[in-house]
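A quick write-up on the structure given underneath.
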Amino acid sequence: QVQLVESGGGSVQAGGSLRLSCAVFGSTNDLIHMAWFRQTPGKERECVARLRIRTGNTWYLDSVKGRFTISRDNSKNTGYLQMNSLKPEDTGMYYCAGGLSYGLSPREYAYWGQGTQVTVSS
């Protein structure tokens, strides 16, 4: 049984930074991959960053590439999403996800956090 808990969201002005955290509770044996998704009203949840934990391979949505960094501190059982140069279009609810699968679809991830809101103003 695995539980993910996000934190670090908030309101910032355009150009600012936020660091989201995803604390993992329980067994990590089923968390081979981790990802961050975001969702906005009227839009499907989209993957913004993925990390293959064992190898460190990463993937980023084109619109966030160069600005966002996904990472994990295994000693703390915590994943991170560093977000720099934030834009208003980055606004949304951000979710940490994990599991054995690695893909763009939310259906490929078995474990989810409760979400943390990120709001970027002009």
Lysines with Cα under 21 Å of residue 87, excluding same-chain neighbours fewer than 8 positions away = 43, 65
√(5λ) per eigenvalue of the Cα gyration tensor, the stretch 1-118, largest first, Å = 22, 14, 14
Hey, any idea what % of the chain's accessible area is carbon plus sulfur with a 1.4 Å probe?
-> 45 percent
With DNA, RNA and ligands ignored, accessible area of residue 25 (1.4 Å probe; Å², nearest 10) = 110 Å²
At 1.4 Å probe size, with every protein chain present, just tell me what the per residue accessible area of the chain comes to in Å².
-> 52 Å²
Enter the accessible area of residue 111 (Å², nearest 10), with the probe set to 1.4 Å and all protein chains included.
-> 50 Å²
Could you state the per residue volume, in Å³, of the convex hull enclosing the Cα atoms of the stretch 1-48?
-> 115 Å³
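Summing Lys, Arg as +1 and Asp, Glu as -1, what charge do residues with Cβ under 15 Å from the Cβ of residue 120 carry, residue 120 excluded?
+2
The values are calculated or read from the model by the stated rules, or taken from the named source; none is laboratory data. Keep in mind it's a predicted model, so treat the numbers as computed, not measured. In this analysis, Cβ positions are derived from the backbone assuming ideal geometry, glycine residues included, and neighbour counts consider all displayed protein chains. Areas reflect the complete protein model, heavy atoms only, side chains present, ligands, DNA and RNA absent. Shrake-Rupley method; radii C 1.70, N 1.55, O 1.52, S 1.80 Å.
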